[in-house]
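As structure tokens, the structure follows; a few thoughts come after it.
The values are calculated or read from the model by the stated rules, or taken from the named source; none is laboratory data. Just so it is clear, the model here is predicted, and its values are computed rather than measured. Heads up, the Cβs are rebuilt from the backbone with ideal geometry, glycines too, and the neighbour counts pull from every protein chain shown. Accessible surface areas use protein heavy atoms only, side chains included; no ligands, DNA or RNA. Shrake-Rupley method; radii C 1.70, N 1.55, O 1.52, S 1.80 Å.
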Amino acid sequence: MGTGIEESLLEQGPDAYLLLTADGTIAFVNAAAERLFGYPREQLLGVGHNILLSEDERGGFLRVFGRLGRGSDAGRRPFAAAGRRRDGSELPLEITCSLVTVDAGTAMAVAVRDGSHREDTDSGRRLAVSLLDATLETTADGIVVVSNEGLITGVNDQYLKLWGMPPELIAAEDPTALVTFIAQQLLDPDDFLQKVTELHADRGKQSHDVLEFIDGRTVELYSRPQKVADEIVGRIWNFRDITTRQRAQDQARRAMDELAEQTDKLKELAFQDPLTGLANRMLFNERAAAALLTPGPVHVLLLDLDDFKEVNDVLGHHAGDEMLVEVSRRLQKCVGPHGTVARLGGDEFVVLLVDCNDSDTVAQRIVATLNAPVSIEGTLMRPGLSLGVASRGPGTMTSSELLRQADLAMYAAKEAGKNCYVHFRPEMLAALLERTQLTAGLRRAVELGQINVHYQPVVSSEQLEVVQFEALARWQWEGRLMPPDQFIQTAERSGLIRDIGAEVLRRSCTELQPWLAEDPRRTLAVNVSGVQLQHPDFAERVLDIAAWSGVDPHQLVLEVTESVFFDAQCHVITQLVTLRGAGVRVALDDFGTGYSSLGRLQELPVDIVKIDKSFVSMLRTGTEKLPILTSMIHMALSLGLKVTAEGIETPEQARYLMDHGCDALQGFLFSRPEPEARRELGIRNSLAAIAALESVPLPA
Ligand code: C2E
Ligand code: CA
Ligand code: CA
């Protein structure tokens, strides 16, 4: 190994020298090396150089060897490393390496200096380097670190793998070649090259880019300066393959798009009435709420078909559906594209008009158009409707408030005789409140047995005696008697009339049974509402009560008004026929006030007509000519019916009616309706009135 002088120079020099073979084995050490590391020469020769390095450094040292082998400059300049002495203590080293050719081939000459004097300034660098090394080994990213001078100071396997980069290219230490190699794999190489130039020009710059590969991969590039103790020493290029993530994201995005599309469809379905294709309640509410946020006029037209139930019942559901589809078609035509027509369910439809200044025209058009005949399964029908209109007034309103108002107006339209439209008025709200309170109170009254009966006598013209009592319902309410005019309608609407009617019949039968039993010619008259007659078991119930209280059905008169024959479902007639078959008689109450022509009288299953008091009250002196009144009486008599006149208040009226052939008389002249306890008084008063009649002069 060289000359003697050289050898002694090496041996005696102040710096430590080592010679390493290609596999890192120590082939030579000098005295300074012995001193520096604290090993006797025999223990070092032939062993791996690693024992002289701290744990962290061991990989790095061989790398230097490798690079030197590839002709790189690295190591020829001093670099820092951490060494370890025999006693285990660590020491900072400053190392310079070079390749030498020896007999066995290439070896590395290593000059080692104690770097303690540089310790302070270099500790930051050492930490940074060791951290970087650790990062390089563990990360999944491809990383390359390039020094300011253009040297590759760090690179990991992932980097090579990512680009399919041959190791020779790294060994060449030519960053331009690296950049070119990368660029040719990209979809947009120019963009990348420009980026690199930019980053090269500005050392402090950080960047984040996404690179698209020709082969379809996507790689994220982070580039940031490498700093040591605040000094920029190079640049770190961090590449991350995000192809899988990107694909997953794309997939997720596509799934989301699909979902959104489906949701739209579902939403559409959720907003649509499946039968008619019209908007449903939800969509109506949404649109109404949106309209109410705008300042213009907003109208809600609520309508309901009048005899839809019959169409369904008589012609079947299929016909019903056909009718609904036809109605929705007509509605849409009336409203046009600027309004929303929605079906709320059943036969209830609603129209929302926004920014329309003439809701009346639309309402009129709807009433007229819907009522035109339609052929459903061969049957010609006219869809009847009741329409309520509510408009947004001053002040804020919710769509449900508007709908409620339209509902009240629709209710009023029904009352007003159907096939018309009615605008909401605030009084309707008050009326509703009253009705609901009344219904609740009435229900309680029925349960508590607070429905009483008063009796008004009816006098026979022939016998001049009380031959009948009419039972009249009274509601004992908060210490006073509520007249039936104020609660019968409510009772009819709520269905409570069934219970009230049954109670009146039961009570009056029980209370009057002894009086009736005294004379078979005596009768009890009870008022019956159309609602009661609609129950198929009505006749049976009446006969049951009569039997249970011991009243002969022949002594029972049921008073009905003409209206029960209007909606004449046939079983109303059947009920009356059954009852009459059992001996019960039927009186047509309030006769003359209804619409039925006198001619119809003979078709109806009635025995008695009760001439309404409005006709009686026309009689003042008893001398006037009252052709309608007299022909009514004669007509009924000629049909073989009995005639009762009600509302008689004066002896003149009584005389006149007796003289014109009325069979029975009733009115305050004889007696007011009285409770059971004072029924006898009613009889006495009646008899007194009859006696007084004798003295009434006959009209001339
Ligand atoms: P209505 O059946 O026509 O009963 C006769 C009404 O005329 C009774 O009124 C009676 O008090 C009244 N009245 C009798 N004589 C005179 C008179 O000379 N002058 C005047 N101004 N009025 C007279 P009320 O008791 O208030 O009954 C009113 C209506 O309520 C009844 O009219 C009837 O339609 C109905 N109603 C009463 N009780 C019942 C019932 O139990 N069931 C049903 N469904 N309706 C009933
Ligand atoms: Ca009556
Ligand atoms: Ca009457």
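Where only protein heavy atoms count, and the probe is 1.4 Å, what is the accessible area per residue for the chain in Å²?
Solvent-accessible surface per residue comes out at 51 Å².
Out of the DSSP beta bridges found with both residues in the stretch 406-526, what percent are antiparallel (nearest 5)?
75 percent
Below 8 Å, C-alpha to C-alpha, sequence gap of six or more: please give me the relative contact order for the stretch 267-424 in percent.
It comes to 28 percent, rounded to a whole number.
If I model a spin label at VAL100 and VAL47 as a point 7 Å from the Cα along the Cα→Cβ vector, what separation in nanometres do I get?
For the pair VAL100/VAL47, the computed spacing is 2.2 nm.
From the Cα trace of the stretch 267-424, what convex hull volume per residue do you get, rounded to a whole Å³?
Normalising the Cα hull of the stretch 267-424 by residue number yields 101 Å³.
Cα centroids of the stretch 283-297 and the stretch 77-99: how far apart, whole angstrom?
First find each Cα centre; the distance between them is then 82 Å.
For the stretch 457-693, with the dipole built from +1 on Lys and Arg beta-carbon atoms and -1 on Asp and Glu ones, taken about the Cα centre, which of LEU524, LEU665, ALA689 lies farthest toward the positive end?
Farthest towards the positive end: ALA689.
Once ligands and nucleic acids are excluded and a 1.4 Å probe is used, how much of PHE192 is accessible, expressed in Å² to the nearest 10?
Only protein atoms counted, so the area is about 10 Å².
Let me check I have the definition right: for the stretch 233-299, take the eigenvalues of the Cα gyration tensor, multiply each by 5, take square roots. What are those semi-axes in whole Å, largest first?
Sorted largest first and rounded, they come to 48, 20, 5 Å.
Report Rg(Cα)/(2.2 N^0.38 Å) for the stretch 142-241, keeping two decimals.
Compared with the compact-globule rule of thumb, the stretch 142-241 sits at 1.01.
Taking a 1.4 Å probe, which of ASP174, ASP273, ASP215 shows the most accessible area, and what order do the others take after it?
From most accessible down to least: ASP215, ASP174, ASP273.
Beta carbons within 10 angstrom, averaged per residue: use that to sort the peptides 397-405, 254-262, highest first.
397-405, 254-262
So if I place +1 on the C-beta of Lys and Arg and -1 on the C-beta of Asp and Glu, and nothing else carries charge, what would the dipole magnitude of the stretch 457-693 be about its Cα centre? I want it in debye, nearest 20.
200 debye
Considering only ALA140, PRO394, GLN158, whose Cα is most displaced toward the positive end of the charge dipole of the chain, charges sitting on Cβ of Lys, Arg (+1) and Asp, Glu (-1)?
The residue sitting most towards the positive pole is PRO394.
Counting pairs of Cα atoms in the stretch 444-488, how many percent are more than 17 Å apart?
The calculated P(r) of the stretch 444-488 puts 43 percent of pairs beyond 17 Å.
Out of the DSSP beta bridges found with both residues in the stretch 457-693, what percent are antiparallel (nearest 5)?
Rounded to the nearest five, the antiparallel share is 25 percent.
So what's the projected area for the stretch 201-357, the Cα convex hull averaged over all directions, in nm²?
Result: 19.1 nm².
Which percentage, to the nearest 5, of the DSSP beta bridges contained in the chain is antiparallel?
75 percent
Probe radius 1.4 Å, ligands and nucleic acids ignored: give me the carbon and sulfur share of the accessible area of the stretch 530-592 as a rounded percent.
Exposed carbon and sulfur together represent 56 percent of the surface.
Among CYS509, ILE451, THR490, whose Cα projects farthest towards the positive end of the dipole of the stretch 451-530, with charges put on the beta-carbon of Lys, Arg (+1) and Asp, Glu (-1)?
THR490
The stretch 435-474 to the stretch 650-669: how many Å between their Cα centroids?
23 Å
Return P(r) of the chain (all Cα-Cα pairs; 20 Å bins starting at 0; whole %; ordered from short to long distances).
Binned Cα distances yield the sequence 13, 24, 16, 9, 10, 13, 10, 4, 0.
Can you give the angle from 0 to 90° between the axis of helix 317-335 and the longest principal axis of the chain, with both taken from C-alpha atoms, to the nearest 10?
80 degrees
Report, in listed order, any pair from LYS333/LYS414; LYS414/LYS610; LYS309/LYS418; LYS161/LYS205; LYS309/LYS414 with a Cα-Cα distance greater than 20 Å.
LYS333/LYS414; LYS414/LYS610; LYS161/LYS205
Using a simple charge model, +1 on the beta-carbon of Lys and Arg, -1 on the beta-carbon of Asp and Glu, nothing else, what dipole does the chain show about its Cα centre, in debye to the nearest 20?
For this selection, approximately 1300 debye.
With θ set to phi - 60°, apply the Karplus curve 6.51 cos²θ - 1.76 cosθ + 1.60 along the stretch 364-375 and write out the HN-Hα couplings as whole Hz, x wherever there is a Gly or Pro.
After applying 6.51 cos²θ - 1.76 cosθ + 1.60, I find 4, 4, 4, 4, 5, 5, 5, 7, 5, x, 9, 9 Hz.
From the backbone phi of the stretch 449-465, what are the Karplus-calculated ³J(HN,Hα) couplings (6.51 cos²θ - 1.76 cosθ + 1.60, θ = phi - 60°) in whole Hz, Gly and Pro given as x?
The phi angles translate into x, 8, 8, 10, 10, 10, 10, 10, x, 10, 9, 7, 5, 7, 7, 6, 9 Hz.
Once every DSSP H run of n ≥ 4 in the chain is given -39500 (n - 2.57) and the sum is divided by its residues, what mean residue ellipticity at 222 nm do you get, rounded to the nearest 500 deg cm²/dmol?
Dividing the helical sum by the residues of the chain leaves -13000 deg cm²/dmol.
Packing-wise, with mean Cβ within 10 Å as the measure, how do 440-449, 540-549, 571-580 rank, highest first?
Descending packing order for the listed peptides: 571-580, 540-549, 440-449.
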